[in-house]
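Working notes, structure below.
The values are calculated or read from the model by the stated rules, or taken from the named source; none is laboratory data. Nothing here was measured: the structure is a model prediction, and the numbers come from that model. Positions of Cβ are generated from backbone atoms using ideal geometry, with glycine treated the same way; all protein chains shown enter the neighbour counts. In case anyone asks, the SASA skips ligands and DNA or RNA and just uses the protein heavy atoms, side chains included. Shrake-Rupley method; radii C 1.70, N 1.55, O 1.52, S 1.80 Å.
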Amino acid sequence: MAMLAVLLMAGTAIASGFGIYEWSGRSNAMGGATYANTRDASTVATNPSGMTDLEGTHLLTGVSAIAPKAIVDFDNAAYNDSTGKSNVWLPPHAYVSHQLSEDFWIGAGVFSRFGLGTEFEETWAGRYNMMDASIESVSFTPVLAYRLNDQWSFSAGPEFMYMRFQQGKTVDNINVKDPTTTTSDTHAKLDGDSTDVGGVFAVTYKPLDWVTTALTYRTQVEHKIVGDATFSPIGAVNPLGAYTTTAGAHGVITLPDSLTLAVAIKPMDKLTVEADILYTRWESYQELRINYDRQLIPGVAASTQSVTEKAWRNTFRYQLGVEYALYDWLDLRAGYIYDQSPICDDHADYMVPANDRQLYSAGVGLNLDNWTVDLSYIYLSSDERAYNNRPAEGVYSGEAHDLETHIVGVSLGYKF
């Protein structure tokens, strides 16, 4: 229960869209490039067919501390600029891999693949588009791996994912949406959750002793969110009696499928280099449609739903990682990531105030008999995000800048 409670705080807007890839201290240090270069049980999250390289039983657990930052400026001097609230997110991870026989392995992992956490002051100028938003998820993945021979290994398993979606924004009772006044404002809060199932399939191929390739596919997960919308009046002006009643709410969010191709080479005994390409089909997220069980504005039939067009596009994420065994007890690691944003300029909003990203990582691994300790640091920098003026959506011309995130990770492993 404690692990689940912490995972439900695992939202942050740091990766492509709202994907999360911080699954172990070693992986973080190597820019995520550990799909084809297996050393610990976190391969359950990246490439479960890599378990066939792990003898006996391996355990791994840890946490990443993620601190994002964003500032939004408006072209209209009458609108107050805003800095996103400072939060530190703590997505943990836990894995086990066990060798059943010479050819079969089983494993399981608990980690977070999707998360979003964005929060601004309640009176900021962009409040009609968003005040706060979070997507919190936890995945449980049991997997089975089979080694066909020294070259080929295969794995598959289901992914049971719980997701909670929350969104807070301001609605204008008379639909004026004037950021300079709150006289007709009502705060709206949507809170819902869902549990659904996806799957993972992976294969590892070793054409040479010093070359390993891996392919991992994760399916879409379609979440049918069910929850409630609650309203808190702020201003006194409300001639139609709008947004005064709590309403049941439901909607569908389809999380994307992804395909990862990885190649690791070992040009010398102590050095390993890996390069990965991740393709994510964010086109599954075309709109955010919320249906309500009653009219939010009396007499207005259209007020039984809200629709926000997203029109996200598919993305590539490029990862490069290097690991050098300086001593038997000390590994040095570094990595680089270029991460495309799925958000087009015409539909950019304040829920994900970011653009294409670059990540720089480093870390060390300590090998102490059967124990391992992995420490990592990542610096993320995002391109500025420009906003077109779309007052009907509560988005105003300006830009988001100083988009950066600091991530510190640690994992503790044991093998027997």
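Structure values in brief
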{"quantity": "Distant-in-sequence amide H partners of Gln220 (H built 1.01 Å from N, under 5 Å)", "calculated": "Asp257"}
{"quantity": "Restricting the range 173-267 to chymotrypsin sites (Phe, Trp or Tyr not before Pro) in coil, as DSSP defines it, with at most 13 other Cβ within 10 Å", "calculated": "Trp210"}
{"quantity": "Qualifying GluC sites (Glu not before Pro) in the range 18-112, DSSP loop, other Cβ atoms within 10 Å at most 11", "calculated": "Glu55, Glu102"}
{"quantity": "Whole-Å semi-axes of the range 327-376's equivalent ellipsoid (Cα gyration tensor)", "calculated": "38, 11, 6"}
{"quantity": "The chain: antiparallel DSSP beta bridges as a percent of all, rounded to 5", "calculated": "100"}
{"quantity": "Placed amide H near Glu287: partners under 5 Å, 5+ positions off or other chain", "calculated": "Lys310, Ala311"}
{"quantity": "Surface share of carbon and sulfur [accessible, 1.4 angstrom probe, percent] for the range 249-370", "calculated": "57"}
{"quantity": "Structure-based [θ]222 nm, the chain - -39500 (n - 2.57) summed over DSSP H runs of at least 4, per residue, nearest 500", "calculated": "-500 deg cm²/dmol"}
{"quantity": "Under Karplus coefficients 6.51, -1.76 and 1.60, residue-wise ³J(HN,Hα) of the range 112-126 in Hz, glycine/proline x", "calculated": "10, 9, 9, x, 8, x, 9, 8, 10, 4, 5, 9, 5, 5, x"}
{"quantity": "Count, lysine Cα pairs under 17 Å in the chain, 8 or more residues apart or across chains", "calculated": "6"}
{"quantity": "Extent along principal axes [Cα atoms of the range 238-384; Å; largest to smallest]", "calculated": "74, 31, 27"}
{"quantity": "Per-residue ³J(HN,Hα) for the range 133-149, Karplus 6.51 cos²θ - 1.76 cosθ + 1.60, θ = phi - 60°, Hz, x for Gly and Pro", "calculated": "8, 8, 10, 10, 9, 9, 10, 10, 10, x, 9, 10, 10, 10, 9, 6, 7"}
{"quantity": "Cα pair distances exceeding 40 angstrom across the chain, given as percent", "calculated": "21"}
{"quantity": "The range 348-395 - Debye-derived log10 I(q)/I(0), Cα point model, q = 0.15, 0.26 Å⁻¹", "calculated": "-0.60, -0.95"}
{"quantity": "Signed unit charges on C-beta, dipole axis of the chain, positive-most listed residue Gln151, Ala264, Val395", "calculated": "Gln151"}
{"quantity": "Amide H contacts under 5 Å for Val143, placed H, 5+ residues apart", "calculated": "Gly107, Ala108"}
{"quantity": "For the range 59-77 and the range 358-416, distance of Cα centres in Å", "calculated": "8"}
{"quantity": "Those trypsin sites (Lys or Arg not before Pro) in the range 52-159 that DSSP places in a loop and that have at most 16 other beta carbons within 10 Å", "calculated": "Lys85"}
{"quantity": "Solution diffusion estimate, µm²/s, Stokes-Einstein, the range 146-211, Kirkwood Rh from C-alpha pairs, 37 °C, viscosity 0.692 mPa s", "calculated": "191"}
{"quantity": "Spatial separation of Cα centroids for the range 104-141 and the range 83-99, in angstrom", "calculated": "11"}
